[in-house]
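Structure record follows, encoded as structure tokens.
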Amino acid sequence: MTPRPLFATFLTALVVSASTPARAAELPLPAQSATEPAPRAWRGTTLVYDNALSAPSLVKSADLTWNPYYVQSLSFRPEWHFGETAAVRARFDMEKELTNSDDTTRYHELILGDVSLEGTGQLFEERRTGIKLTGTLRAIGPLSKASQAQTLVVGFQSALGASRKFDVLSGLSVSYALGGGMNVHRYTTAQYDAPTIACQLADECARFVNTGLRNSHFSLNNGPTVALAVTPKLSITSVFLFRKSFLYALTPTSVSAATGAVSPDPSNDVSVRSGQRFLVDLSYQVNDQLGVSFGMLSDYADLAPDGTLRTPFANRLTSFYFDLSVDLESAARRF
């Protein structure tokens with residue numbers, strides 16, 4: 001299955017926001033003049049138009065059957081700031097795949113993403129070194145089909161980041177973040193919308209609805225972020241995250257076999273899954289209202305289906321994206 005770049009960036013955005021404070025929090029604010037308007041509380045509110053293409057789409061021989069993936073997405077990201085060191089942010093996405101989708105029932109079906117609400121703030125600043133500690137808490141509501149299939153009720157994520165700014169070109173920010181999450185599900189495994197085999201009784205149908213794939217209950221992640229402002233308008237950002245997902249524990253059971261009943265030992269189960277996320281982004285701020293960015297995102301499990309280790313940084317799950325972002329607060333100032 002091809003990656004979903006915009007939704008996959010949820011956790012990356014959480015860690016970056018926790019480890020890289022807003023520019024206004026990093027630089028001293030100039031004195032307000034009579035003609036210079038005060039910063040609005042909803043500054044930073046943006047609308048992002050995203051285009052993403054999977055790496056195998058560029059090479060027809062990547063698979064026995066060529067399966068290209070190209071998607072367009074729209075993301076609304078409102079913000080509300082409390083002073084210069086704390087803010088509340090929300091995010092809502094929708095997307096439409098323009099190629100033949102592998103996981104929708106209608107051609108060019110519009111898919112909603114999960115809605116999120118987060119609070120972030122600066123916790124501490126060491127004056128001599130300039131090191132800042134920032135914390136973030138996020139709640140996720142299951143609007144996407146993937147989360148609903150996993151029977152997600154609500155998800156929680158948190159992150160603690162340390163960052164420092166250096167006087168390199170127009171500014172170099174280096175940070176490291178530790179994060180974790182907890183998901184609350186109705187069931188420990190993902191479910192189908194309807195039984196895969198016709199049945200009459202609810203007890204009989206249950207086994208035909210269960211996919212057998214366990215959901216992730218807890219997760220831990222950590223990794224560095226490096227952001228270099230080449231000029232006041234041109235910047236390069238790189239993020240590399242290491243992820244651990246902890247699945248729900250197996251339930252002791254008895255399985256009928258030709259040799260009799262078999263009771264698998266849950267203690268022998270490996271319920272930890274490892275993965276990585278790597279992102280490189282090149283952004284240019286055309287003016288106060290419009291920004292453009294081009295980048296590469298790889299979000300993958302360490303092990304491929306055949307048990308071999310995947311190539312880090314770039315592999316068949318890599319996608320390329322092109323974004324246009326509109327700063328709604330800056331645009332509103334023109335009217």
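Every number in this text was worked out from the coordinates using simple rules, so none of it is lab data. From a predicted model like this one, the values you see are computed outputs, not experimental measurements. With ideal geometry, Cβ positions are generated from the backbone for all residues, glycine too; neighbour counts draw on all protein chains shown.
Values as computed for the structure displayed
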quantity	calculated
Residues K233, K132, K145, sorted so that the one with the fewest Cβ neighbours within 10 Å comes first	K233, K145, K132
Summed side-chain charge close to F294 - residues other than F294 whose Cβ falls under 12 Å, Lys, Arg +1, Asp, Glu -1	-3
Extension gain, V184 back to R333 (0.36 nm per residue minus Cα-Cα distance, nm)	49.5 nm
Label-to-label distance, nm, for residues given as V230 and S263 (7 Å Cα→Cβ offset)	6.5
For D269, D281, D306, order by how many other beta-carbon atoms lie within 10 Å, fewest first	D306, D269, D281
Gyration tensor (Cα) of region 222-335, equivalent ellipsoid semi-axes in angstrom	47, 17, 12
